[in-house]
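Working notes for the structure below.
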Amino acid sequence: MNKLIKREIPNNFSLPRRIIRLGSLAYNLWWVWNPEGLNLFRSINKRVWDEVGHNPVAFLKKVERSQLNAVANDVDYLEMYDRVIKQFDTYMADGPTWFTAKYPNLVDSEIAYFSFEFGLHESLPVYAGGLGVLSGDHLKEASDLGLPLSGIGFIYNQGYFTQRITEDGWQETGTHYLSFEDSPIIPLYGEDGQPLTVSIELPGRSVFARVWLVQVGRISLYLLDTNLPSNSDADRQLTARLYSNDLEIRISQEILLGMGGVRALRKLGIDPQVWHMNEGHSAFLALERILEMVREGTSYAESAARVRRSNVFTTHTPVPAGNDQFPLWLIDKYFSGVWAELGMTRDEFVDLGRQATPWGESFCMPVLALHLSDHANAVSELHGQVSRRMWNFLWPERRTDEVPIKHITNGVHTGTWLARRMRVLYGTYLGEDWMDRLDDPALWSMVQNIPDSELWAVRRHLKRKLVLYVDNRARNAWQSGTIHPAQALADGVFLEPYSLTIGFARRFATYKRANLILRDYERLIHLITNPDMPVQIIFAGKAHPADEPGKLLIQQVYRAVKDSRSGGRLVFLEDYDMNMARYLVQGVDVWMNTPRRPNEASGTSGMKAALNGVLNLSVMDGWWREGFNGLNGWAIGEDADAVDPNQQDESDSQSLYDHLENEIVPLYYSNRTTDDIPTAWLTRVKESLRTLSPQFSTRRMVTEYLQDMYLPCLTSKEIVRQE
Ligand SMILES: *Cc1c(COP(=O)(O)O)cnc(C)c1O
């Protein structure tokens with residue numbers, strides 16, 4: 001970063017001198033994946049820690065000075081404090097990393113990673129779902145490996161919406177306002193001592209955006225924010241929310257992210273040789289970079305060729321209608337100045353993003369990204385095939401298998417998603433250095449050494465924690481005096497800590513088919529209420545506020561949940577977020593995923609579950625098609641595309657019930673030892689841990705991005721450094 005840019009960690013706290021470093025720890029999300037770091041805050045006062053939503057900045061401001069004084073004089077606390085601060089300082093020091101050891105000649109490189117959303121922690125709610133969590137996990141892994149990477153995105157001061165479900169099962173949305181002073185957001189100042197801003201030109205005006213910094217371990221994440229007095233009221237709202245339905249807001253946001261993002265990096269003195277667009281939302285960055293070169297006298301063709309060589313594009317959307325696109329009148333309105341400057345005709349410009357749709361032509365962001373990137377990938381093997389077919393029209397002279405889109409299957413960041421007690425178990429049985437070898441299959445074969453009794457004790461502990469969490473939420477909701485008794489039951493007061501528990505949590509998009517298990521309702525009721533082998537299912541997830549079919553799906557599930565015949569064994573938890581996701585993926589026994597193949601590009605929550613000893617029951621789509629080996633979980637349906645969706649639903653639901661009735665439920669409840677340990681179940685759990693943990697970690701994923709996508713850009717001789 002440019003030496004003249006000042007970053008000032010706000011001096012927010014009055015901390016006893018002996019524990020003063022809690023302040024800098026609060027302003028770096030490193031603690032999110034280092035449980036001892038988290039414990040430094042939480043152990044001061046667990047109640048306040050929960051009240052502030054696990055946000056250390058708000059926590060240190062709120063907690064009583066007397067409690068801070070108490071821990072500053074507590075020998076045990078100080079011992080932990082000194083150890084953690086030392087770990088943190090060692091991690092952050094300019095010492096050797098995996099990357100610097102392996103690529104010493106590339107230490108001065110820069111990689112920029114653009115994403116519309118980043119899911120790093122529940123206390124920084126600037127994410128909506130899977131795409132954001134993947135971006136967040138990517139940054140954390142890049143930090144652990146020591147990659148020279150910076151993130152670019154938005155700080156949405158209203159985040160995504162909060163969800164409430166009415167008594168009738170209808171989703172209502174609320175707004176949560178993010179307090180910047182209470183968040184781990186670091187202001188940046190330019191050479192002139194003023195807040196660092198960039199501007200972009202939108203029709204008839206300039207819009208300014210402030211640049212904030214969030215520190216994610218070693219990685220800097222720069223977030224843009226238009227809520228500034230120099231902008232009109234409407235423009236101040238531009239970065240208020242994720243995924244607006246208003247196309248003018250959307251295109252303005254994407255211009256800001258792409259073009260403004262490049263300008264922000266320039267001001268920061270960062271000169272990336274790799275530009276990674278995570279989804280098409282940021283693809284306008286390519287235009288800004290071409291404009292930079294054209295303004296210096298390079299021809300359009302030459303500029304575009306150079307930009308292409310250093311652009312990386314990751315697509316996540318296997319459904320044509322799901323791809324981000326704009327009507328051409330909006331392109332006219334926002335870009336007529338740009339094509340003139342590039343020396344292009346309107347037609348040539350529109351060609352960059354042109355896509356035929358049933359309602360006419362549109363300008364499609366993934367098309368723009370594909371036209372202007374030499375390196376493109378999908379996020380699972382099957383998604384790679386689907387994407388090559390879907391985008392074949394851009395390379396009409398090529399066979400489908402020659403379309404230049406590879407795949408890098410998603411992964412999850414182990415430290416973020418792993419339960420603390422499981423981590424202790426791995427430390428004991430896989431060796432002290434197990435976190436250095438996360439993607440090594442030989443390491444994970446050592447899970448065979450974990451005694452069944454210990455593994456089972458941890459699994460039971462995690463399920464009890466989940467049930468307690470659910471109970472507490474239900475109690476609080478009931479105490480609020482705003483819910484009907486039936487809603488308290490739907491909130492899960494009847495959950496049992498010893499029953500086989502299935503989790504289903506994700507966005508409520510119709511293709512995810514949350515209602516697949518309701519298809520034969522009598523069969524489901526019979527299955528879950530068997531007094532000898534009870535089963536309980538926990539649902540959670542939000543529907544996009546404009547997605548009426550998605551909201552109807554929630555209502556359908558909620559009505560089943562409230563039905564007295566289900567005996568309180570079906571539960572719907574409101575307001576799914578990363579905190580709830582952790583309880584669920586760590587606490588249930590089975591993770592169920594029932595997308596309509598091949599619409600799930602990858603999916604990641606099943607990976608989080610697997611890492612914690614949860615078994616997957618999933619459609620042969622996305623990651624599970626690669627993960628399933630016949631012994632490490634269960635596959636719903638065939639490894640083949642269906643012709644008719646209705647028939648697909650029918651046969652998938654039959655397959656789902658069959659697995660549950662004939663295999664999963666009996667396996668869980670039978671073959672118990674005299675100590676009541678289900679040995680056959682645990683054999684499967686160990687097979688799942690052994691095979692899935694190394695393969696579906698971001699350790700494997702980010703090293704593949706480096707190998708296949710980043711290194712070709714970094715080692716290209718044609719890179720011209722901009723001064
Ligand atoms: C992991 C995660 C997701 C993504 O889930 P999928 O399995 O990809 O559907 C969405 N939301 C939250 C809060 C998550 O933690």
Cα long-axis angle, helix 420-429 against the chain (0 to 90 degrees, to the nearest 10): 80
Degrees between helix 75-92 axis and first principal axis of the chain (Cα, 0 to 90, nearest 10): 40
Rounded, prolate or oblate (a/c below 1.5 giving rounded, otherwise prolate when a/b exceeds b/c) for the stretch 359-491 by Cα gyration tensor: oblate
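Determine, for each peptide in 593-601, 438-446, the mean count of other beta carbons within 10 angstrom over its residues, then list the peptides with the highest first.
593-601, 438-446
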In Hz, Karplus ³J(HN,Hα) per residue of the stretch 670-675 (6.51, -1.76, 1.60; θ = phi - 60°; x = Gly, Pro): 10, 6, 8, 6, 4, 8
Between the stretch 347-407 and the stretch 463-536, the Cα center-to-center distance that results, in Å: 41
Ratio Rg/Rh, restricted to the stretch 457-567 and using Cα atoms, in which Rh is the Kirkwood radius: 0.97
FRET efficiency, Trp329 to Asn662 (Cβ-Cβ, R0 41 Å, nearest 0.05): 0.15
Nearest 10 degrees, 0 to 90: helix 452-479 Cα axis against the chain principal axis: 80
Chain lengthening between Asn11 and Asn579 when straightened (0.36 nm per residue, less Cα-Cα): 201.7 nm
Descending principal axes extents, the stretch 441-694, alpha-carbon based, whole Å: 51, 45, 32
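Suppose all protein chains stay in the model; what accessible area per residue would a 1.4 Å probe give for the chain, in Å²?
Working: 27490 Å² over 723 residues.
Counting only protein heavy atoms, the per-residue value for the chain is 38 Å².
Taking all pairs of different Cα atoms in the stretch 126-265, averaging 1/r and flipping that mean, what Kirkwood radius in angstroms comes out?
This gives a value of 16.3 Å.
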Added length on full extension, which subtracts the Cα-Cα distance from 0.36 nm per residue, Asn629 to Arg565: 19.4 nm
The stretch 622-723: C-alpha gyration tensor shape, a/c 1.5 cut-off, then a/b vs b/c: oblate
Net length gained if the chain between Asp708 and Arg420 were fully extended (0.36 nm per residue, minus Cα distance): 100.4 nm
Distant-in-sequence amide H partners of Ala376 (H built 1.01 Å from N, under 5 Å): Phe313, Lys406
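Rounded to the nearest 0.05, what FRET efficiency do Val319 and Arg464 give with R0 = 41 Å and r taken as the Cβ-Cβ distance? Could you check?
0.55
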Paired Rg and Dmax values of the stretch 1-140, which use every Cα atom, in angstrom: 17.2, 51
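Considering only DSSP beta bridges where both residues belong to the chain, give the percentage that are antiparallel (nearest 5).
Numbers: 30 of 74 bridges.
Of those bridges, close to 40 percent are antiparallel.
Give me the net charge for the shell around Glu381: Cβ to Cβ below 15 angstrom, other residues only, Lys and Arg +1, Asp and Glu -1.
-2
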Sorted peptide list for 578-585, 448-455, 491-498, criterion being average Cβ within 10 angstrom, highest first: 578-585, 491-498, 448-455
Residue-count net charge about Val403 - beta-carbon cut-off 12 Å; Lys, Arg +1, Asp, Glu -1: +2
For the stretch 186-288: rounded, prolate or oblate by the Cα gyration tensor [a/c cutoff 1.5]: oblate
Computed log₁₀ I(q)/I(0) - Debye formula, equal Cα scatterers, no solvent, the stretch 13-92, q 0.13, 0.24 Å⁻¹: -0.33, -1.25
Sites Arg672 and Ser480 - FRET efficiency at Förster radius 45 Å, r taken between beta-carbons, to 0.05: 0.65
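Less than 13 Å Cβ to Cβ from Glu496, Lys/Arg counted +1 and Asp/Glu -1: what total charge do the surrounding residues give?
Counting the neighbours of Glu496, the net charge comes to +2.
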Mean residue ellipticity (222 nm) of the chain, computed from DSSP H runs ≥ 4 via -39,500 (n - 2.57), nearest 500: -12000 deg cm²/dmol
Cut-off 19 Å, label 7 Å out along Cα→Cβ of Ser244, residues of the stretch 295-338 by amide N: 324-335
Lysines with Cα under 22 Å of Lys140, excluding same-chain neighbours fewer than 8 positions away: Lys86, Lys102, Lys608
Candidates per trypsin sites (Lys or Arg not before Pro) in the stretch 621-723, loop by DSSP, up to 10 other Cβ within 10 Å: Lys717, Arg721
Reachable lysines from Lys61, criterion Cα separation under 20 angstrom, eight or more residues apart if same chain: Lys46
Centre separation in Å (Cα based) which lies between the stretch 142-178 and the stretch 58-74: 29
Centroid-to-centroid separation of the stretch 248-266 and the stretch 78-96 [C-alpha atoms, Å]: 37
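Specify, per residue and in Å³, the volume enclosed by the convex hull of the alpha carbon atoms belonging to the chain.
Expressed per residue, the convex hull around the Cα atoms of the chain is 166 Å³.
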Rounded to the nearest 20 debye, dipole of the stretch 1-118 from Cβ charges on Lys, Arg, Asp, Glu: 340
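The values are calculated or read from the model by the stated rules, or taken from the named source; none is laboratory data. A quick note: this is a predicted structure, and the numbers were derived from the prediction, not measured. Counting neighbours? That spans all protein chains shown, and the Cβs are built from the backbone with ideal geometry, glycine included. Keep in mind that these areas ignore ligands, DNA and RNA; they rest on the heavy atoms of the full protein, side chains included. Shrake-Rupley method; radii C 1.70, N 1.55, O 1.52, S 1.80 Å.
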